[in-house]
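The values are calculated or read from the model by the stated rules, or taken from the named source; none is laboratory data. Note that the structure is a prediction, hence the values are computed from the model and not measured. Cβ atoms come from the backbone with ideal geometry, glycine included; neighbour counts cover every protein chain shown. Just the protein is used for accessible areas: all its heavy atoms, side chains included, with ligands, DNA and RNA removed. Shrake-Rupley method; radii C 1.70, N 1.55, O 1.52, S 1.80 Å.
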Amino acid sequence: MNLPNKLTIFRVILIPFFVFFMLFEPEEMIYRIIAEVIFCVASITDLLDGHIARKHNLVTNFGKFMDPLADKLLVCSALICLVANGQIDAWIVIVIIAREFIISGLRLIASDKGVVIAASWWGKWKTTFQMIMIIVLIMNFSYFFAGTLFGTIMIYLEIVLIYVALILTIISMIDYLVKNKNILKENV
């Protein structure tokens, strides 16, 4: 197994530890810090595995399958933990996860027709804002610094990040569907 695939597997292995620290005593800052470190390390492995695989021509079918799956598992796990901790509304997470299923399905259909759907700029911005949102929400500064100016600022920052990520999620889904609508048409 090559290094990029090992990094992908490592990311998957980190997910249960991340979930544990997010859900065990969520009001304790030390557990949030540990969860944050795990999430950031897992996210960095995502950047590294793809870069190493492309740079050293180590792209494998296993990596093509597992890398996006590991990413979705990490992000969905984080979002579900944030719902469980009451930090983000469930309907927002449902929209975000539904978009992932829809675009994954579109990519599967396209792949079956020999078409590769590359990541769009909207998709990249969506991912960037989702990751920033998750990183900020994991630390839960609005809770730990409640009643202070910093805590109040963090409340507004969290709200802005949540809705920017949500809007970019919807825009990127529409963008993918509109640009690839011919893939969904059946040849009659």
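If exposed GluC sites (Glu not before Pro) are those in a DSSP loop with at most 15 other Cβ within 10 Å, what is the longest stretch of the chain that has none? Walk me through the intermediate numbers first.
Details: sites that count: 27, 28, 186.
That gives 29-185 as the longest site-free run.
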Ignoring ligands and nucleic acids, residue 154 exposes an accessible area, probe 1.4 Å, in Å² to the nearest 10, of 20
Segment 99-188: spread of alpha-carbon positions along the three principal axes, whole Å, largest first, is 63, 18, 17
Helix 121-139 sits off the longest principal axis of the Cα atoms of the chain, rounded to the nearest 10 on a 0 to 90 degree scale, by 30
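Ignoring ligands, DNA and RNA, what percent of the accessible area of the chain is carbon or sulfur (1.4 Å)? Display every interim value, and only then the final one.
Details: 7800 of 10780 Å².
Ligands and nucleic acids excluded, carbon and sulfur reach 72 percent.
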In terms of the alpha carbon gyration tensor, root eigenvalues a ≥ b ≥ c, rounded if a/c is under 1.5 and otherwise prolate when a/b exceeds b/c or oblate, the chain is oblate
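Counting pairs of alpha carbon atoms under 8 Å apart in space and at least six apart in sequence, what relative contact order in percent does segment 49-188 give?
Values: 81 pairs, mean separation 38.9, N = 140.
Rounded, it is 28 percent for segment 49-188.
Per DSSP H run of n ≥ 4, the term is -39500 (n - 2.57); total these for the chain, divide by its residue number, and report the mean residue ellipticity at 222 nm rounded to 500 deg cm²/dmol.
On the way: 8 runs with 153 residues, N = 188.
Computed mean residue ellipticity for the chain: -28000 deg cm²/dmol.
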Gyration tensor on Cα atoms of segment 25-86, a ≥ b ≥ c root eigenvalues, a/c under 1.5 rounded, else prolate if a/b beats b/c, else oblate, says oblate
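Does segment 1-107 come out rounded, prolate or oblate, given a ≥ b ≥ c as the square roots of the eigenvalues of its C-alpha gyration tensor, rounded meaning a/c under 1.5 and, failing that, prolate meaning a/b above b/c? Spell out each step's value before the answer.
Values: a/c = 3.07, a/b = 1.43, b/c = 2.15.
Oblate, since a/c reaches 1.5 and b/c is not below a/b.
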For residue 177, the accessible surface traced by a 1.4 Å probe with all protein chains present amounts, in square angstrom to the nearest 10, to 50
In degrees, nearest 10, the alpha-carbon axis of helix 149-179 is tilted away from the dominant principal axis of the alpha carbons of the chain by 10
Counting only DSSP loop positions in segment 1-65, the chymotrypsin sites (Phe, Trp or Tyr not before Pro) whose Cβ has at most 15 other Cβ atoms within 10 Å are 24
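Return one whole number: the accessible area per residue of the chain in Å², for a 1.4 Å probe. Spell out each step's value before the answer.
Numbers: 10780 Å² over 188 residues.
So the chain comes to 57 Å² accessible per residue, rounded to a whole number.
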The helix 3-23 Cα axis meets the longest alpha-carbon principal axis of the chain at an angle in degrees, between 0 and 90 and rounded to 10, of 40
Of 81, 76, ordered by accessible area with the largest first and a 1.4 Å probe, the sequence is 76, 81
